[in-house]
Each structure stands twice: as C-alpha cells, then as structure tokens.
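Structure, as structure tokens:
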Amino acid sequence: MAKNSSRTVGRHALHIPGPTPLPDRVLRAMDTPIIDHRGPEFSKLAKRCLDGIKTIFKTSNPVIIYTATGTGAWEGALVNTLSPGDRVLMVETGQFAALWKKMAEKLGLKPEFIATDWRTGVDAAAVEAKLREDKKHEIKAVCFLHNETSTGCLSPVPEVRKAIDAAGHPALLLVDTISSLASTDYRHDEWGVDVTVGGAQKGLMLPPGMSFNAVSDKALAANKNSKLPKSFWAWDEMIAMNKIGFFPYTPATQMLHGLAASIEMLHEEGLDNVFARHDRLAEATRRAVKHWGLEIICRDAKYYSPTLTAVLLPDGHDADAFRALALDHFNISYGASFGRFQGKMFRIGHLGDTNDTMLMGALAATEMALTLAGVPIKKGGAQAAMDYVASQLGSSTRKAAE
Ligand SMILES: *Cc1c(COP(=O)(O)O)cnc(C)c1O
C-alpha cells in the first residue's frame, strides 16, 4: 500500500470474477499428505466428490471431473458429442463466447454466431428463429454461456430449452456455467441441458485446475456416434473408471480434497442461501454503481449477473489505469477489460467465499479509487449498498424472529 514500504498489510481484496478467494477450510483440506490414488482411501474420497458434485449440478447422471481449467471442459463438451463439419449455433455474448467459438473452429466444427452488442444475454426467440430456419437439422448443438464473465450478463437457460423444443429441433444443448455454478440456481436435469461445463475456481471456491462436464442420456448417446478425435477428454474410460472409484490417470488428489470440502461447505450454508447471498451482493453492487452515476455494461435488468458487475467509465477515463491505481492504493483487484470494452470498463467480482463485509470494503475502496482517479461520481454509492444490505438482512432477521 504505502509506496515506500515493502510490506503489504492485511489481505488482498480479490474482486476479479474468478479465481475467487480460497476459504481457509478448503486450503486446510488440501494441506494433507498425498495418498495412493489406487488405494481404498482414495476411492472413498473420489466417491464423496463424484456423488457430491452431482448435487451441485442437480443431476443424477455422471459428472466428469477433468484435471484442467474450464477451457479443457469446453473441449470435452465439444469433442465428446460432435463430429467434424457439424454446424453449431453459438451466441456472441462477449469475450468468453468468442473464445469458445474459436475453439470450435479449431476443432473442425462450423460454429455460427447470433450476434449481440456484448451488453445483453441470450435471446431465446433468436435461437428459436435460427433453429426453425434449419429445416434439415444440420445444426447439431446450441452452445451458450449461462453467465458471460466478460460483461456480467446471465442468460435464461430454461427459456432457451423451451425455444429449442418449440422449434422441434433435435440439437444438443451445451451450457457453460463456469462463472455461475454454485453461485446461482442451476438445474442440469430439470432444465434439460445435455452438457454442462463447470470450473473449479469461481463459485466452487477452489484453486484453478479442475473442471467438469455434466451429461444427459442424450449426450451419452451422441457420444457413441461422435467422430471428433478424443483421448484425454474421452468420457467413456473416465465414466468406467469412476464407477469403481478411480480415474484412468493420476487424478489431482489435493484438488479432490478441496472439492469435497467445498461441496460440504455449500450444503452447510444451504444452496438457496448461497444463491440469496450472491443476489444480495450483486444488487448492493449495482446500487452503488448506479448511485455513482456510472453505467453497468449489462443494459437490461433481466440479464443482470449475480456474480459480477461490469462498470463502464465515462469517455476519457482509462479503466486499466483506474485498476492500476486501485491496486496501488487499496490492494484490490478487479477483472480486466476485453474486446470492444478494452480500456473502458472494469469488472467487480462478487462471487465465491465473499460476504457482505468484504463487499462493503471493496465498494468503499472503489469509491475512494474512483475519486482519486478523478472519475466524476456522486459520492455515497457505498452507503447506498450498505443501506440495501442492512434492509435485506433486517427483513430476514425480523422473519426469523417471528
Ligand atoms: C473463467 C471462464 C472460462 C475459462 O476458464 P479457464 O479456467 O480460464 O480455462 C470459460 N467460461 C467462462 C464463463 C468463464 O468464466
């Protein structure tokens, strides 16, 4: 903090939208001796994780656990279900959608985008219209992001499912839930998703390096006919080995210890309470931003993200310089700007093991940093957030007392 000091006081305020702060309990769960990954102790750990993760995706089918970041699970979802030259319908919600599309191209698929201005989520009607045009059913999959982390827009999965069904189209539904899983409601089975892609380092409060594919029966059937080359990502061997509590190769044992702890913690808090906390933190953040008089990238309240808020700075103010100043003075980091908002926005992450007090610290630091950076704001945004949180917690305290 102080420029003439080599010591940083206190904890870093990690407000990027993932990786998220690691709970001490997860860290401690990982701080254990390595065990034999072919031994009985391991199979107990594996079972806890493989059974437990199903309760997070809300599925009764197998969930594949990869030793890879989310990008690996993107690849897993595509190569296990599709064949070279398959048409894939994607929605250009932002930078992460663009990266997934680029991957699909590299893998020999033919992805096409429904364009957006990067300030909104998926429009189910647009998906339905595209599918209705595809009379020959050449589109084999619809792929989109539940939460677009580069812009802070959340898309309505059940609406898209309904749109696919209304068009009478057989395409698979592949959903990236990397920055929304375990932070907001998600129901793999009930919502009729064929492959859900998840990651460890966001809502699951783990270090980066683990990711997931939840699958449907339809996805498992598609897997049998899929012709894209796959080896490391192949589901079949993984599912067969997982059935007996093991992995086809050395698993990330310490990550599994962490995962078992994080699943336990999510259920102790209660998933619905986890979701309500994220909603509260997100609304508090938006109230602060609106009070400051700054613009939220997501322009339609229907699509507001519960896990991050992307904030546009007024013309002439460099968002990257602002982030550097905030880091320097207040030891806080925000998500960087991307693509068409390069240098124009910063993203406040409010997901994972983050509580009201941490968020208020972050919003107060942000207000101070905006002032120091000379960004014209109306002061009192942090107060507006505090008032909101107090009103929410006040009403639940009153309810509990009744
Ligand atoms: C973080 C993220 C990714 C990329 O995951 P990596 O772990 O960086 O490979 C993909 N999609 C979304 C929505 C994300 O938030």
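The values are calculated or read from the model by the stated rules, or taken from the named source; none is laboratory data. From a predicted model like this one, the values you see are computed outputs, not experimental measurements. Every residue, glycine among them, receives a Cβ derived from its backbone with ideal geometry; neighbour counts consider all protein chains shown. Note: areas computed on protein heavy atoms with side chains; ligands, DNA, RNA excluded. Shrake-Rupley method; radii C 1.70, N 1.55, O 1.52, S 1.80 Å.
Among the residues making up region 352-394, those that are closer than 30 Å to G316 by Cα and open to solvent by less than 20 Å² (accessible area, probe 1.4 Å) are L359, A362, L363, A365, T366, A369, L370, V375, G381, A382, A385.
With respect to being buried (at least 22 other Cβ atoms within 10 Å of the Cβ), within 11 Å of the ligand (Cβ to nearest atom) and aromatic (F, W, Y), F96 falls outside the description. Within the option set G72, G85, being in a loop (DSSP other than H, G, I, E, B) and either open to solvent by less than 60 Å² (accessible area, probe 1.4 Å) or modelled with pLDDT of 95 or more (or both) holds for one residue only, G85.
When G70 is tested against (1) in contact (Cβ under 8 Å) with a residue 60 or more places away in the chain; (2) in contact with an Asp or Glu (Cβ under 6 Å, 6 or more places away or on another chain), only condition (2) is not met.
Residue-by-condition table, conditions (1) in a helix (DSSP H, G or I); (2) more than 12 Å from the ligand (Cβ to nearest atom); (3) not assigned by TED's automatic domain parsing to the domain that holds E295:
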site	(1), (2), (3)
G108	no, yes, yes
V127	yes, yes, yes
R132	yes, yes, yes
C143	no, no, yes
E159	yes, yes, yes
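Between a first residue in region 73-98 that is aromatic (F, W, Y) and a second residue that is buried (at least 23 other Cβ atoms within 10 Å of the Cβ) and outside any loop (DSSP other than H, G, I, E, B), which pairs have beta carbons less than 8 Å apart while being 6 or more apart in sequence or on different chains? As it stands, the answer is W74/W100; W74/D176; W74/V197; F96/L145; F96/E148; F96/D176, since those pairs meet every condition given.
Listed conditions (1) on the phi < 0 side of the Ramachandran plot; (2) touching a Lys or Arg at 6+ places or on another chain (Cβ under 8 Å); (3) open to solvent by less than 10 Å² (accessible area, probe 1.4 Å); (4) not aromatic (F, W, Y) are all met by V91, apart from (2). Just give me the residues in region 183-206 being within 13 Å of the ligand (Cβ to nearest atom) and either open to solvent by 10 Å² or more (accessible area, probe 1.4 Å) or farther than 23 Å from L82 by Cα (or both), in sequence order. Across region 183-206, the qualifying residues are S183, T184, Y186, A200, Q201, K202, G203, L204, L206.
Out of curiosity, is V197 under 22 Å from T55 (Cα atoms) and at pLDDT 95 or above? Against the criterion (under 22 Å from T55 (Cα atoms) and at pLDDT 95 or above), V197 qualifies.
If the condition is being within 15 Å of the ligand (Cβ to nearest atom) and of a type outside the set (G, A, S), then region 11-21 contributes L14, H15, I16, P17, P19, T20.
In the set (1) away from the ligand (no atom under 15 Å from the Cβ); (2) under 29 Å from T354 (Cβ atoms); (3) hydrophobic (A, V, I, L, M, F, W, C), F42 fails one condition alone, (2). Summed over region 207-232, the residues that are part of a loop (DSSP other than H, G, I, E, B) and either open to solvent by less than 10 Å² (accessible area, probe 1.4 Å) or touching a Phe, Trp or Tyr at 6+ places or on another chain (Cβ under 7 Å) (or both) give a count of 2.
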